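What follows is one structure encoded as structure tokens, with my remarks underneath.
The values are calculated or read from the model by the stated rules, or taken from the named source; none is laboratory data. Everything numeric here is computed off the predicted structure, so don't read it as measured data. Glycine also receives a Cβ, built like all others from the backbone with ideal geometry; neighbour counts cover every protein chain displayed. Note: areas computed on protein heavy atoms with side chains; ligands, DNA, RNA excluded. Shrake-Rupley method; radii C 1.70, N 1.55, O 1.52, S 1.80 Å.
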Amino acid sequence: MIKQRRAPTERPKEILEAALALFVEKGFAATRLDDVAQRAGLSKAAIYLYFHDKMTLFQGVIRQTVISNFGTVEGLLAAHRGPVAEMLPRLLEFMASRIEDTPLASIAKLVIAESRAFPEIGRFYLTEVIGRGLPLFESLIKRGIAQGEFRKVDPGLTVRSLVGPMLLAGVWKTVFEPIGGEKLDTRALARHHADLMMHALRPS
């Protein structure tokens, strides 16, 4: 039986929430639109009013869960007028909070797991998430070098070194903790890594 729904404007959000839960539980390949419709309390036809197919639905989940965070990061960078070095710990702390408090890590795990069978998933994530996120961090490193706060380093490699532990935290949280691995304090890891990076980037 189809449940009484809220206003039609709420339906895309409800569909995405249902899809996210099922993608995390079952994976992309095993999730059917019929399952999403049932979880959302809608007809399958209603889903097609908002999403063309399962791939566009998955992309919608990524936009809502992951890409929506970029607005916050861009706002922080645009508003900041102090030393660049003050921003790196804040950004790592923000990433840690997303890993701890949202399904972001589960989505990243899904992308890794499903991209071999569904390359379109990987290409979308590479373009819309990685392709947008890395340049934000790289621009910050370049600013720090230009202002004399950081020593001259390769911005691209530095950014990958910077975010690497957060990727590890996401893998640890979604793969190893569920099978008995020691719980990782992602925020503590972010603070520790920020301290290491600040010392590593300091001019001689």
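Taking the stretch 166-187 on its own, how many of its residues are of a type outside the set (Gly, Ala, Ser) and under 14 Å from the mean Cα position of the chain (by Cα)?
Of the residues in the stretch 166-187, 6 are of a type outside the set (Gly, Ala, Ser) and under 14 Å from the mean Cα position of the chain (by Cα).
Which pairs have Cβ atoms under 9 Å, sit 6 or more apart or on different chains, and link a residue in the stretch 143-154 that is surrounded by 15 or more Cβ atoms within 10 Å (Cβ to Cβ) to one that is of a type outside the set (D, E, K, R) and assigned to a loop (DSSP other than H, G, I, E, B)?
That search, which allows pairs on different chains as well, returns Arg143/Phe150; Gly144/Pro83; Gly144/Phe150; Ile145/Val153; Glu149/Pro83; Glu149/Pro203; Phe150/Pro203.
Can you name every residue in the stretch 74-84 that is part of a loop (DSSP other than H, G, I, E, B) and surrounded by 11 or more Cβ atoms within 10 Å (Cβ to Cβ)?
Across the stretch 74-84, the qualifying residues are His80, Pro83.
Matching residues to (1) surrounded by fewer than 17 Cβ atoms within 10 Å (Cβ to Cβ); (2) touching a Phe, Trp or Tyr at 6+ places or on another chain (Cβ under 6 Å); (3) small (Gly, Ala, Ser):
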{"site": "Asp53", "(1), (2), (3)": "yes, no, no"}
{"site": "Asn69", "(1), (2), (3)": "no, no, no"}
{"site": "Thr72", "(1), (2), (3)": "yes, no, no"}
{"site": "Glu86", "(1), (2), (3)": "yes, no, no"}
{"site": "Arg98", "(1), (2), (3)": "no, no, no"}
{"site": "Glu114", "(1), (2), (3)": "no, yes, no"}
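Of the residues that sit in the stretch 118-135 and are open to solvent by 30 Å² or more (accessible area, probe 1.4 Å) and touching a Phe, Trp or Tyr at 6+ places or on another chain (Cβ under 8 Å), which one is modelled with the highest pLDDT?
Only one residue fits best here, namely Phe118.
Please state which of the following conditions Ile2 fails to meet, knowing it meets all the rest: (1) part of a loop (DSSP other than H, G, I, E, B); (2) modelled with pLDDT of 90 or more; (3) touching a Leu at 6+ places or on another chain (Cβ under 9 Å); (4) of a type in the set (A, V, I, L, M).
(2)
Looking at Thr72, Thr102, can you tell me which residue is out of contact with any Asp or Glu (no Cβ under 8 Å at 6 or more places or on another chain) and in contact (Cβ under 8 Å) with a residue 24 or more places away in the chain?
When all the criteria are applied, what remains is Thr102.
Among the numbered criteria (1) assigned to a helix (DSSP H, G or I); (2) loosely packed, with under 15 Cβ neighbours inside 10 Å; (3) among the acidic types (Asp, Glu), which single criterion is violated by Glu182?
Checking Glu182 against (1) assigned to a helix (DSSP H, G or I); (2) loosely packed, with under 15 Cβ neighbours inside 10 Å; (3) among the acidic types (Asp, Glu), the one that fails is (1).
Would you pick out the residues in the stretch 145-169 that are in contact with a Leu (Cβ under 7 Å, 6 or more places away or on another chain) and of a type in the set (Gly, Ala, Ser)?
Ala169
Pairs only if they're at least six apart or on different chains, beta carbon under 9 angstrom, first in the stretch 25-47 and open to solvent by 70 Å² or more (accessible area, probe 1.4 Å), second in a helix (DSSP H, G or I) and among the acidic types (Asp, Glu); list them, first residue then second.
Lys26/Asp35; Arg39/Glu17; Lys44/Asp34
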